[in-house]
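Taking it in order: structure first as structure tokens, then the write-up.
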Amino acid sequence: MLKNLLLFFFTGILLTSCFKEDQTPPVITLYGDSNFTMVIGNKYMEPGFRATDKKDGDITYLVKSTGLPDPNVSGIYYVRYNVTDASGNHAKEMTRICFVSHNNISLSSIYEASETCSETSMNNENYFISIEKEDFNTNSIYLKGYNNLPQEKKIKAIIISNTGQLLTIPQQAIFDTIYSGTGKINISGTLVTLDIIKQYNIFKDSCTTILTRELQ
């Protein structure tokens, strides 16, 4: 009797170890650059990826990618990659950031913008601003693409502090609108706060724009 009980006990342990639930998630590897620029009108070319699982092996064919860029619409796109193995384990989501632009702009100069105005408001994931810095002698930067201005139109801001963190936007006319205001840049240069006044004839709007540089 005891012999049969011991046999049953050890058989149970053996079966449990053999059929232990798979809890190891698969891994997604992205090939190529994780952040890149694509000129508008060009076809999106996937740089490549691979998914492997400890139990299932190569499961690249199961990867689902979402958020592919529209080559005809400028903006910032987040291409997300996900996969699940046969045991239901989810891989850590991987993300590739693609900026579709009229020009091949350096990613380090692109900021996502969230703007709140007293009369109007804008808060759009694809709303972006690129900052172009002039040489240090002029102590100025240019906001390009602000408020959907055409590519050739830029708002000038002058650095007015020794630390390079405070800005003033001198009064300047672009088309029918006059811009002016102030700004502040954090030490790392990844966050810019602008308080801008836009005046169109008798219409006046005060806006606070937060620029965040997520693309490193």
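Here, each number is a calculation from the coordinates, and none is a lab measurement. Note that the structure is predicted; figures quoted are calculated from it, not measured. Please note: Cβ atoms are built from the backbone with ideal geometry, for glycine as well, and neighbour counts cover all protein chains shown.
Annotations for the structure displayed:
- Distance violations [Cα-Cα > 20 Å] among LYS54/LYS92; LYS133/LYS153; LYS144/LYS204; LYS55/LYS92; LYS64/LYS92: LYS144/LYS204
- Neighbour-count order for LYS43, LYS156, fewest beta carbons within 10 angstrom listed first: LYS43, LYS156
- With a simple spin-label model that places each label point 7 Å from the Cα along the Cα-to-Cβ direction, the separation between TYR61 and GLU152 comes to 5.4 nm.
- Theoretical FRET efficiency, 1/(1+(r/R0)^6), r = Cβ-Cβ of GLU132 and GLU93, R0 35 Å, to 0.05: 0.60
- Extension gain (nm, one decimal) between ASN42 and ASP70, 0.36 nm per residue minus Cα-Cα: 9.1 nm
- Going from the fewest other Cβ atoms within 10 Å to the most, the residues VAL39, VAL63, VAL192 appear in the order VAL39, VAL63, VAL192.
- Under Karplus coefficients 6.51, -1.76 and 1.60, residue-wise ³J(HN,Hα) of the stretch 31-37 in Hz, glycine/proline x: 9, x, 6, 7, 10, 7, 9
- Ranked for footprinting exposure by Cβ neighbours inside 10 Å, fewest first, TYR31, TYR77, TYR142 give TYR31, TYR142, TYR77.
- Amide H within-cut-off set for ILE174, under 5 Å, with H built and near neighbours excluded: TYR179
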